[in-house]
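Notes for the one structure printed next.
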């Protein structure tokens, strides 16, 4: 894995480059295990247009931040970016492309993570904007588990969204799964892998469930005591065996606090389909300019072996009311460090 990362890093001028992360903090619903900055579109959908207006102002400023560096990757995460309508996506992508110089961009990713947020029109917009990597994330292919964890989509929607994306020419599709979900055992994971193998994704990211402090699965854990996962180590081994058979090789790994059995998250991909942004942010090899509610910019000072973070507020309400402050935080930091980056 280390050798593969080094090979990929040699192919880019990451020290003289930077990446951009853009957060869309809206989801169709909030999953049981989620602690990210995420707001249900059912309750907060009326704020989407206002959020996009403020976000575009921050994007406009960001386009002037690092003029002496080459943009390497652009990553839309969240939340779920495809919670936006096709028209909103189109407008936002146009703004990003008109603001930043895409001459050296190697990877342009949009998380289309929730199948219930994916439509033909949205996938078409992504393709027309030359987005070259997307994620369609089932997490599990067991309907009973999807219902339990608050994923408001069906297994059939996962399959339909995947084939729709292929039909439109998306040729770098990642799928996320989570091992250690409540009530699941080794056979449930085996079933998920069998169903995914029929789709043949270009990469697979295997997450081990981490019990985050703010997640409902933790705050309401008494309700789920009878649904603790069994033998997550065997589950992880199954995913490694599947990846090998499918021609997917590991290319990045990271650990988080409170992960089941002290395991890890592993990204597998076919050659040439690796998620470059994942490597850059996890290995902390490149400055990441992060925009939107809950986004955390990471500035890498290679000569000083130093990393500094500049964070945006997590609260959607605070971000909308204090967007100028978010811009000023970055502006002040960059002025103080303009000769060192």
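Just so you know, all these numbers are worked out from the coordinates, no wet-lab data involved. This structure is a prediction, so every number in the text was calculated from the model and none was measured. No Cβ is skipped: glycine too gets one built from the backbone with ideal geometry, and neighbour counts run over all protein chains shown.
Quick check: pseudo-label points 7 Å beyond the Cα along Cα→Cβ at residue 43 and residue 121, how many nm apart are they?
2.7
Find how much the distance from residue 271 to residue 246 grows on full extension, using 0.36 nm per residue of separation minus their present alpha carbon separation; answer in nm with one decimal.
Details: separation 25, 0.36 × 25 = 9.00 nm, distance 1.18 nm.
Answer, rounded to one decimal: 7.8 nm.
Using the alpha-carbon atoms, what tilt in degrees (0 to 90, nearest 10) does helix 48-62 show relative to the longest principal axis of the chain?
50
Please determine, in degrees from 0 to 90 and to the nearest 10, the orientation of helix 86-99 with respect to the longest principal axis defined by the Cα atoms of the chain, where the helix direction is its Cα long axis.
Computed tilt is about 40 degrees.
What do you get for the angle between helix 155-167 and the principal long axis of the chain? Use alpha-carbon atoms, 0 to 90 degrees, nearest ten.
50
Given only helices, namely DSSP H runs of n ≥ 4 each adding -39500 (n - 2.57), what is the per-residue ellipticity at 222 nm of the chain, to the nearest 500 deg cm²/dmol?
On the way: 13 runs with 130 residues, N = 341.
Estimated from H runs of four or more residues: -11000 deg cm²/dmol.
By per-residue mean of other Cβ atoms within 10 Å, what is the highest-first order of 318-324, 2-8?
On the way: 318-324: 16.6, 2-8: 13.4.
Per-residue Cβ counts within 10 Å, averaged per peptide and sorted highest first, yield 318-324, 2-8.
Let me know the shape class of the stretch 1-113, please: from the alpha-carbon gyration tensor, a ≥ b ≥ c as square roots of the eigenvalues, rounded when a/c is under 1.5, otherwise prolate if a/b is greater than b/c, or oblate. Show your work: numbers first, answer last.
On the way: a/c = 2.60, a/b = 1.46, b/c = 1.78.
The shape class here is oblate.
So, in nm, how far is label residue 337 from label residue 305 when the simple model puts each one 7 Å beyond its Cα toward the Cβ?
1.7
Over 20 Å intervals from 0, what percent of Cα-Cα pairs in the chain sits in each interval?
31, 61, 8
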